[in-house]
Amino acid sequence: MGGVLVILLGFELMAVLVANAWDQEAFRQLVVDTLISNGPMALIGLLLMLLASRLDFPAQRRSPLSWTVLVVGALLSLAMFVAVPVTVGGNRLIQADADQAVSQKRGELERAESESKEPKLLEVLEDQLVQAGQVSADAKPEDKQAQVQALINQRLDQLRQQLTQAEQARDLTMGQRQLGGTAVAIVLALSFLVVALVAIL
């Protein structure tokens, strides 16, 4: 059963590696994500194999199964240690893209706030509301201004909401990448290393 779990990790990696596009950052991140997400399954598999080795060969400390756990554990530990800088590099790119998206939304909001104070814009919006029939041409000037200001406030509220959503999406994504990616890779790397060492001790 333990061997099956390790083999499943191999199949998952092979399905991704078939693309063989190491020059592309997206491919490298996909390989690392596949390795990290399926790593716990392989770790459990190695532990089951190690336990089976100790139960089947109680007097033999270094059985063939133990050597298998040692080799596979060491390879997976090395792979996880290599995955750490790859995930860190990917996090930087994702952070840059997310920051750019947030900056774009913030710029749109700042421009809209600046434009909302221009008298010419107010006149244009008032004419548009009159032409659209949302405001009567005979309405009082203060009523027209109130309608225009309500329209501007609605647009500003939408932009503020979009900015907040972009910031939340950035923070959530980076939190998941750092805790669910880099941190997990380090923990798995150390765990595989411990299992490999225990296999021959």
Within the range 75-94, the residues that are open to solvent by 60 Å² or more (accessible area, probe 1.4 Å) and within 11 Å of residue 178 (Cα to Cα) are 92
Here the residues within the range 7-37 that are surrounded by 16 or more Cβ atoms within 10 Å (Cβ to Cβ) and farther than 16 Å from residue 86 by Cβ are 9, 12
Listed by first then second residue, the pairs whose first member lies in the range 79-90 and is among the aromatic types (Phe, Trp, Tyr), whose partner is surrounded by 20 or more Cβ atoms within 10 Å (Cβ to Cβ) and modelled with pLDDT under 90, with beta carbons under 9 Å and at least 6 positions apart or on separate chains, are 81/185
Output for Cβ contacts, cut-off 7 Å, separation at least six or different chains, first residue over 30 Å from residue 150 (Cα atoms) in the range 94-115, second among the β-branched types (Val, Ile, Thr) and in a helix (DSSP H, G or I), reads 94/173; 98/173
Point to revise | Selection status of residue 45, part of a helix (DSSP H, G or I) and either more than 18 Å from residue 8 (Cα to Cα) or over 19 Å from the mean Cα position of the chain (by Cα) (or both) | key: yes
Filtering the range 18-41 down to residues that are in contact with a helix residue (DSSP H, G or I) (Cβ under 7 Å, 6 or more places away or on another chain) and on the phi > 0 side of the Ramachandran plot yields none
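The values are calculated or read from the model by the stated rules, or taken from the named source; none is laboratory data. Computed from a prediction, not measured in an experiment: that's the story for all the values here. No Cβ is skipped: glycine too gets one built from the backbone with ideal geometry, and neighbour counts run over all protein chains shown. Note: areas computed on protein heavy atoms with side chains; ligands, DNA, RNA excluded. Shrake-Rupley method; radii C 1.70, N 1.55, O 1.52, S 1.80 Å.
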